[in-house]
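A short worksheet on the structure shown next.
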Amino acid sequence: MLNKDHPRYQSLVYRDKIVKAHQQGILADSGMIAHGRGETFDYLIGEKTTPNSQNTIDIAACYFLTSKKPVLSVNGNTTALVSEDVAELSKLLDIPIEINLYYRTPERIRNIEKVYTDLGVKELLGTDEDDFIDTPDLNGPRSPVSIEGIKKADLVFIPLEDGDRAEKLSALDKDILNIDLNPLSRTAQTSTVTIVDNIVRAMPAIITSINKYIDYDKKDLQEKIDNFDNKTNLNNAIQDIIKRFE
């Protein structure tokens with residue numbers, strides 16, 4: 001039983017979700033390690049969405065609203081923590097969801113597929129019934145992508161991803177949006193837009209921001225995009241950490 005008076009209660013709730021996802025065959029063993037690493041960086045930013053991160057969330061919303069063929073890529077950790085938000089975003093903008101796993105097994109695919117179908121997602125790619133093509137210059141189990149999904153996408157949302165895939169997808173002239181608590185990671189450094197925040201805060205904030213900008217003229221949204229620089233964003237995120245300990 002989780003004690004709501006515990007000073008780390010919210011963090012314990014997320015840990016419990018991770019453990020249950022592992023027990024349910026959604027999350028690989030290494031996913032629990034990755035979650036713990038993320039917690040460390042969340043401590044460093046004060047476990048809150050900074051003004052810089054909120055600005056980046058707004059920019060991500062602008063990208064979603066101006067892209068022609070966006071795709072939401074999900075793995076075990078994303079599914080464990082924010083599957084309901086992912087499904088809501090998919091429905092809001094009629095965006096397909098694509099499953100992409102490093103430790104891919106038929107059982108994990110079926111378990112993750114069930115999560116999203118139970119949430120009412122209509123277009124779910126990356127299942128064992130899908131048609132795949134390898135990502136150029138990317139070796140390993142995350143190389144195959146859906147021909148109808150990431151292969152054709154102009155924007156790929158890859159929260160809680162690994163650097164290899166982020167780097168190779170970026171090289172394909174696609175806009176890459178990601179959520180990564182570590183501003184120094186290769187994923188953060190190679191993506192088009194990096195939201196340095198906890199995914200449990202960032203996902204609902206993205207949905208709120210999209211609803212805020214959904215009726216804006218696309219020229220105004222594009223102007224916001226053109227004025228954004230991810231390197232500056234990441235430097236600001238690092239400075240936010242440094243200032244907390246000065």
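Is the range 213-224 home to any residue that is of a type outside the set (S, T, N, Q), under 19 Å from TYR43 (Cβ atoms) and outside any helix (DSSP H, G or I)? Break it down into steps so the answer makes sense when it comes.
First, the residues of the range 213-224 that are of a type outside the set (S, T, N, Q): 213-221, 223-224.
Next, only the ones that are under 19 Å from TYR43 (Cβ atoms) stay: none.
The answer is no, given that none of the residues of the range 213-224 is of a type outside the set (S, T, N, Q), under 19 Å from TYR43 (Cβ atoms) and outside any helix (DSSP H, G or I).
If the condition is being in contact with a helix residue (DSSP H, G or I) (Cβ under 6 Å, 6 or more places away or on another chain) and farther than 22 Å from ILE206 by Cβ, then the range 102-138 contributes THR127, ASP128, THR135, ASP137, LEU138. Consider GLY76 carefully, then state whether it is more than 17 Å from the chain's Cα centre (by Cα) and of a type in the set (Gly, Ala, Ser). No.
Residues in the range 155-209 that are in a loop (DSSP other than H, G, I, E, B), open to solvent by 30 Å² or more (accessible area, probe 1.4 Å) and closer than 22 Å to GLY140 by Cα: LEU160, ASP162, ALA171, LEU172, ASP173.
Of the set (1) open to solvent by 70 Å² or more (accessible area, probe 1.4 Å); (2) assigned to a helix (DSSP H, G or I), all apply to GLU148 but (2).
Return a yes/no flag: does the range 19-35 have any residue that is closer than 18 Å to THR187 by Cα, touching a residue at least 60 places away in the same chain (Cβ under 8 Å), open to solvent by 30 Å² or more (accessible area, probe 1.4 Å) and not acidic (Asp, Glu).
We begin by selecting, within the range 19-35, every residue closer than 18 Å to THR187 by Cα; these are 30-31, 33-35.
Now narrow it down to the ones that are touching a residue at least 60 places away in the same chain (Cβ under 8 Å): 30, 34.
Those still in the list that are open to solvent by 30 Å² or more (accessible area, probe 1.4 Å) too: 30, 34.
Right, trim to not acidic (Asp, Glu) and you get 30, 34.
Yes, because at least one residue in the range 19-35 is closer than 18 Å to THR187 by Cα, touching a residue at least 60 places away in the same chain (Cβ under 8 Å), open to solvent by 30 Å² or more (accessible area, probe 1.4 Å) and not acidic (Asp, Glu).
Residue count for the range 135-145 satisfying the condition of being open to solvent by 10 Å² or more (accessible area, probe 1.4 Å), touching a residue at least 12 places away in the same chain (Cβ under 8 Å) and either hydrophobic (A, V, I, L, M, F, W, C) or not in a strand (DSSP E or B) (or both): 6. It is to be established whether one or more residues within the range 139-158 are at pLDDT below 90, of a type in the set (A, V, I, L, M, F, W, C), within 16 Å of the chain's Cα centre (by Cα) and within 23 Å of ILE206 (Cβ to Cβ). The answer is no, given that none of the residues of the range 139-158 is at pLDDT below 90, of a type in the set (A, V, I, L, M, F, W, C), within 16 Å of the chain's Cα centre (by Cα) and within 23 Å of ILE206 (Cβ to Cβ). Considering only the range 223-246, state which residues are modelled with pLDDT of 95 or more and open to solvent by 60 Å² or more (accessible area, probe 1.4 Å). Answer for the range 223-246, where residues must be modelled with pLDDT of 95 or more and open to solvent by 60 Å² or more (accessible area, probe 1.4 Å): GLU223, LYS224, ASP226, ASN227, ASP229, LYS231, THR232, ASN235, ASN236, GLN239, ILE242. Quick one: is LEU89 of a type outside the set (Val, Ile, Thr) and farther than 20 Å from GLY31 by Cβ? In short, yes.
The values are calculated or read from the model by the stated rules, or taken from the named source; none is laboratory data. This is a predicted model, so every value here is computed, not measured. Neighbour counts are summed over all protein chains in view; Cβ atoms, including those assigned to glycine, are modelled from backbone coordinates with ideal geometry. Note: areas computed on protein heavy atoms with side chains; ligands, DNA, RNA excluded. Shrake-Rupley method; radii C 1.70, N 1.55, O 1.52, S 1.80 Å.
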